[in-house]
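Values in this text are rule-based calculations from the coordinates and carry no lab data. Bear in mind that the values here come from a model prediction, so they are computed numbers and not experimental data. Glycine gets a Cβ as well: all are built from the backbone with ideal geometry, and neighbour counts include every protein chain shown.
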Amino acid sequence: MILLSSFYNAGNEHRDAELLECWKRNEHCPAFEKIYRFVDADHDELYSSGKLADGDILIPLPESKTIIVAVGSRSTYRAYFDFANRTFAPGTVVCLSNADIWFDETLLNINGQQLDGRTFFACSRWGFMDELGGWHWNEGYDKNAPVAQDAWIFRTPIEWKREVNTLDFEFGHMRCDNVLAWTMQQSGYRVINPTYPGPKSLKLHHEHRSQAHNYGAAIPGPMIFVHPCQLG
């Protein structure tokens, strides 16, 4: 499995530490073969001249799973999907996630029958509860977990009807996940959320105890909620 995610300077000491913690933990996740981390790069003149397209610069980190993908600006869902389609062989399992999510061995529960080429996982998160001393689904500050998704898993090539929605919007905007889910459903995918607690379900850890937020404007358009279920 390939992980696609981003990394950025949040301008908040606690928030920056959370993002770095997710990077470190995902490096040790046994499900990931490679991690492509999208980072804004200072190549403004090259990008504006048309000599480079986003994602043209790949920088492998020594003794690491991570490859830095230098981009000229914050990436959209469309940019991530296009990158996956042109970079990885057909049938590759790709996990696209927010920067403040880390994964564990539950990703190994996914098999080919559950995730075929027309299935799209839209995954809700688990949050940490200090008073309960652990990670819990739909608890505490993550009480909106059933209607929000922070990671998406699919096989390449990922195809969607661009006349339905171009997906030219960035992460971090209100409703972006719900509009994405509707777009994939309208494009003929079986959209499921296999994160409800169960012996084979997926567990996404949401590192956001800092509660530092920077929401963008809400994404307009039709949307759906993807209520959690167990991974069969």
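A few notes on this one:
- Taking a quarter of the surface of the Cα convex hull of the stretch 63-105 gives a mean projected area of 4.5 nm².
- Environment charge of Leu202, counting only residues whose C-beta is closer than 12 Å and scoring Lys/Arg +1, Asp/Glu -1: 0
- Each of Ser97, Ser187 was scored by other Cβ atoms within 10 Å of its Cβ. Arranged with the fewest first, they read Ser187, Ser97.
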